[in-house]
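Chemist: Okay, here's the structure, questions in a sec.
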Amino acid sequence: MKTGIPLSAATHQHHAATPTARLREEHEVILRALTVLERFGQALEDGEAVDRTGLAWLRTFFGTFADRCHHGKEEQHLFPALERRGMPREGGPLGVMLREHEEGRAHVRAMAQGDDRQVAAAIRDYVALLRAHIDKENGVLFPMAEQLLPETEQRGLLHAFEAVEETVAGPGVHERLLARLAELEGKAG
């Protein structure tokens, strides 16, 4: 298996050999979606017409792919594994990540309510939060996890991640999400 290859827009094939590499692949997809979301937010701030269906879809994407699936893998499996290996939940990176997950959920909820100015502010805050969050995970938390978790436990996490995908998204859902994201990227330029 190769590592570091992002999920393609057409298929949901993982090439990651470790759980942290899998999560990094997903980060790349989330960053792509954040770029599109940021364009929607800027258009709202500028008073331009916005594809409301596309914006609603992005909220669903972040609620499903980023939160329930990606953050679900972290919260249900990776973080507890790190706690078992001695990383404290409070006062360390796990507590920070969990608080930021909650903050992100609040921003996504805020994107669905209020006037265009309020929605644009929620988008701006969410994009900034998630980009910084991804940087912390990729640069701090994941390297720590790679050091703490033995290979056998990492393989078990990969299997657990697959189960989360099947439970949360179901067959074919990731493929449809990625295809729609590619479509929105094409429209956004």
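The values are calculated or read from the model by the stated rules, or taken from the named source; none is laboratory data. All values derive from a computational prediction rather than experimental measurement. When we count neighbours, we look across all protein chains shown, and the Cβ atoms used for this are built from the backbone with ideal geometry, even at glycine.
Chemist: I'd like to know if the stretch 49-60 contains one or more residues that are assigned to a loop (DSSP other than H, G, I, E, B) and surrounded by 14 or more Cβ atoms within 10 Å (Cβ to Cβ).
Modeler: So the first thing to find is which residues in the stretch 49-60 are assigned to a loop (DSSP other than H, G, I, E, B), and the list is 49-51.
Those still in the list that are surrounded by 14 or more Cβ atoms within 10 Å (Cβ to Cβ) too: 50-51.
So far as the stretch 49-60 goes, yes, one or more of its residues are assigned to a loop (DSSP other than H, G, I, E, B) and surrounded by 14 or more Cβ atoms within 10 Å (Cβ to Cβ).
This table checks each residue for (1) under 26 Å from G41 (Cβ atoms); (2) aliphatic (A, V, I, L, M).
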residue: E75; (1), (2): no, no
residue: F79; (1), (2): no, no
residue: L82; (1), (2): no, yes
residue: M87; (1), (2): no, yes
residue: G92; (1), (2): no, no
residue: H101; (1), (2): yes, no
residue: R109; (1), (2): yes, no
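Chemist: Then there's this: May I ask you to say which residue of A182, A145, A106, A120 is in a helix (DSSP H, G or I) and modelled with pLDDT under 95?
Modeler: None of the others qualify; the one that does is A182.
Chemist: Going through the stretch 84-95 one residue at a time, which ones are touching a residue at least 12 places away in the same chain (Cβ under 8 Å) and either farther than 18 Å from N138 by Cα or among the aliphatic types (A, V, I, L, M) (or both)?
Modeler: Result: R85, G86, M87, L94.
Chemist: Go through the stretch 64-83 residue by residue and tally those that are within 14 Å of P19 (Cβ to Cβ) and either touching a residue at least 60 places away in the same chain (Cβ under 8 Å) or among the charged types (D, E, K, R) (or both).
Modeler: Selection size over the stretch 64-83: 10.
Chemist: For the subset of the stretch 87-126 comprising residues that are of a type in the set (D, E) and surrounded by 12 or more Cβ atoms within 10 Å (Cβ to Cβ), which member is farthest from the chain's Cα centre (by Cα)?
Modeler: The first filter runs over the stretch 87-126 and keeps only residues of a type in the set (D, E), leaving 90, 100, 102-103, 115-116, 125.
With the extra rule that they be surrounded by 12 or more Cβ atoms within 10 Å (Cβ to Cβ), the set shrinks to 100, 103, 116, 125.
On the way: E100: 12, E103: 13, D116: 24, D125: 15 Å.
Applying the filter and picking the extreme gives D116.
Chemist: With the condition kept exactly as written, say whether any residue in the stretch 93-102 is within 16 Å of H27 (Cα to Cα), of a type in the set (D, E, K, R) and modelled with pLDDT of 95 or more.
Modeler: Yes: the stretch 93-102 contains one or more residues that are within 16 Å of H27 (Cα to Cα), of a type in the set (D, E, K, R) and modelled with pLDDT of 95 or more.
Chemist: Does L98 satisfy the criteria of being under 24 Å from E153 (Cβ atoms) and in contact (Cβ under 8 Å) with a residue 60 or more places away in the chain?
Modeler: Working: under 24 Å from E153 (Cβ atoms): yes; in contact (Cβ under 8 Å) with a residue 60 or more places away in the chain: no.
It is false that L98 is under 24 Å from E153 (Cβ atoms) and in contact (Cβ under 8 Å) with a residue 60 or more places away in the chain.
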